[in-house]
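Right, one structure below, let's go through it.
No value in this document is a laboratory result; all are computed from the given coordinates. Being a predicted model, the structure only gives us computed values, none of them experimental. Here the Cβ positions follow ideal geometry from the backbone for every residue, glycine too, while neighbour counts run over all protein chains shown.
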Amino acid sequence: GLAAAAPDAGPGPAWQSKCPWGAPNTTSISCSLADVMSEQLAKELQLEEENAAFPEVVAVAEGPFITGENIDTSSDLMLAQMLQMEFDREYDAQLRREEKKINGDSKVSISFENYRKVHPYDSDSSEDEVDWQDTRHDPYRADKPTTTPRRGFIGKGKDITTKHDEVVCGRKNTARMENFAPEFQVGDGIGMDLKLSNQVFNALKQHAYSEERRSARLHEKKEHSTAEKAVDPKTRLLLYKMVNAGMLETITGCISTGKESVVFHAYGGNATEDKVIPPECAIKVFKTTLNEFKNRDKYIKDDYRFKDRFSKLNPRKIIRMWAEKEMHNLTRMQNAGIPCPEVVILKKHVLVMSFIGKDQIPAPKLKDVTLSSEDMTKAYYQTLNMMQQLYKECNLVHADLSEYNMLWHDGKVWLIDVSQSVEPTHPHGLEFLFRDCRNVAQFFQKGGVAEALNERELFNAVSGLNITADNEVDFQAEIEALEKMNEDHVQNHGKKLATFSSDGDPPIYDE
Ligand code: ADP
Ligand code: MN
C-alpha cells in the first residue's frame, strides 16, 4: 500500500523535500497545566503548531474508534492515502504556481494539466453527478461549435454539404474525440482518416465521461471512506496525532453535531511530567465549512481584540480564530472560578477540553433536565452570580446564553459554548447582554422561580448600569445610545470608556 502510494517524480525538485514521509519530527512539547491556562503561552503554543508538536510517525485503527492500542495494517493504507492526498494537493498547488510563473501574461500558455495529481473534476466533488447529456456542462464540446449552420447545410449548388453528410461528419467526430479527457487514449484517428458515425461517437463520448466519473469517485472514496464522516481528512489526522502522542487514550464517538461544530468524547491519555489530562475530554471541532460562519462575522469583526487580524485572514484562519476565542474565553472563566470546561489543548480548529459529564454521558442541558423547585432556585441564583462574574471579572458577555448552553452537572450549572463571547465594550456587547438576560429571565420565570428578576432588572444587576426605562423598547433604545456613546468615544480618543474598560489583554500574535 505504501509503495503504491509513493509519489511519482514530477517536474521541479524544490518542494519534494516537503514530502509527508520526511524525517519524523520528534520535537516534544512540555509545559505545565498552569502554563496551558495562560493565554500568552497558548499563543506561543499555537505559533509552534506547524512545527509539529506530535511525532510524525503515526499508526491508527480504522473504524469509529480511534485508539492507540488497536493498530492494524489496513489503517496504514488509510493513513498513507491521507498523507498522499495532502501531498497531492501541495504538489498541484506548486504546479499551478510554476505554470503561472512560466506563462506570465503571455497570450500563448502552456498547461501543466496532465501532470496534476488531483483531477480537476475531482476538486469539486459535490458536482460529481452531472448528467453528461446536459450540454451546459459538456466538457467535450468542440471549442468552436460551428459544425452545423442553422440551415442544416453549407455551400452552394452542387457542393452543398448537409449535416447528414457521412464522410464530413465522421471526420468531424474523429476530430472532436481529441477533446476527450487527456488520460483517455483515442489513438491517431485523424492520421488514419477514421470516420466515426454519430452513433459510435456518442457511445464513445458516454464511455469517456463515465470513465472519468469513475476515477473521480475513486478520489472521492479516499475522502469519505473511513471513520467519522463528520470531519475532513486533515482534522482526522490531527485527532490521530493526539491519540498517537498518548495525549488521548480513545476517541469514543460523537456527542453533538451542530452547524458550526462537532463535539466528540474521548478518554484522556497519559499525564506527562508536567501536564495532567482530565480522565474524560470533550473535543470540539470547529467546522471548516465556511458558510455557516458568515452570519457570525459581526461577533468577531467588531471585537477589537481581533479587529486588526480579521481583514488579513482567509476563511480557514478565521475559523481557527473561533477556536482560539473559545479557548481564551474559557481560560478567563476558569480563572474567575466559573464552572466551565477546562482547556486542555488547542490545535488549529480543534479544541480539547475537560468533559462535563461522566462515563461518556454528557451532562444534560438545562433545557432537558427536570429540576426540583429547590434546585431550580439554586440554579437561578448561581446563574445570576455567574453572569455577574463573567461581566465584572472576566470582562465578557456570553452572547449566546440560554438553557441550551448551560449544563447541569454535580448539582450546579456549567457554562459552555463561549466562542462567540465578546467584551462588554464590543459595539453590540450590551445588546448581546440584554438578549442573554431575556433568555435567562424567561427560562427561570417559566421554571417557576418566583424570585427571578425580569430581563431589565437582570441586565442592570449584571452590568451595574442603571437604565431606568420601564418598557422594553425604551430600554433597548437606551442600550443602543450607550453603545453609540462608547463608539464615539473610541473614535475620538482611541480607547474605551471607563465603565467598559478592558483588562488590557496582551496583543494577539499575528500568524
Ligand atoms: P455548538 O456551537 O455546536 O452549540 P457547543 O459548545 O454548545 O457547540 O457544544 C455542543 C454540545 O456538545 C453541547 O450542547 C453539549 O451537549 C456538548 N458539549 C460541548 N462541550 C462539552 C463538554 N466540555 N462536556 C460535555 N459536553 C459538551
Ligand atoms: Mn451550543
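Quick look at the values:
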{"quantity": "Contour excess over end-to-end distance, with Cα ends at I102 and N454 and 0.36 nm allotted per residue", "calculated": "119.9 nm"}
{"quantity": "Gained length - D359 relative to E90, 0.36 nm times residue gap less alpha-carbon distance", "calculated": "92.7 nm"}
{"quantity": "Distance between modelled label sites at A175 and A461, nm, 7 Å Cα→Cβ extension", "calculated": "8.4 nm"}
{"quantity": "N202/R316 FRET efficiency (R0 30 Å; Cβ-Cβ; nearest 0.05)", "calculated": "0.10"}
{"quantity": "V473-Q445 FRET efficiency (beta carbon distance; Förster radius 22 Å; 0.05 resolution)", "calculated": "0.65"}
{"quantity": "Dimensionless Rg ratio for the range 364-497, taking C-alpha atoms and the 2.2 N^0.38 Å reference", "calculated": "1.09"}
{"quantity": "Spin-label pair N385/V490, simplified geometry with 7 Å Cα→Cβ offset, distance in nm", "calculated": "3.3 nm"}
{"quantity": "Approximate spin-label separation S111-S372, in nm, with each point projected 7 Å along Cα-to-Cβ", "calculated": "7.5 nm"}
{"quantity": "Debye intensity ratio I(q)/I(0), log10, the range 363-410, q values 0.13, 0.21, 0.28, 0.30 Å⁻¹ (C-alpha model)", "calculated": "-0.32, -0.77, -1.11, -1.17"}
{"quantity": "Cβ-based net charge around N439, under 12 Å, with every Lys or Arg adding one and every Asp or Glu removing one", "calculated": "0"}
{"quantity": "Loop sites in the range 348-410: chymotrypsin sites (Phe, Trp or Tyr not before Pro), DSSP, at most 15 other Cβ within 10 Å", "calculated": "Y404"}
{"quantity": "Out-of-range pairs (alpha-carbon distance over 24 Å; input K275/K348; K100/K172; K275/K365; K275/K317; K284/K317)", "calculated": "K100/K172; K275/K365; K275/K317"}
{"quantity": "The range 410-501: GluC sites (Glu not before Pro) falling in loop per DSSP and having at most 11 other Cβ within 10 Å", "calculated": "E451"}
{"quantity": "Residue (of G447, N405, G494) at the positive-pole extreme of the range 342-495, dipole from beta-carbon charges", "calculated": "N405"}
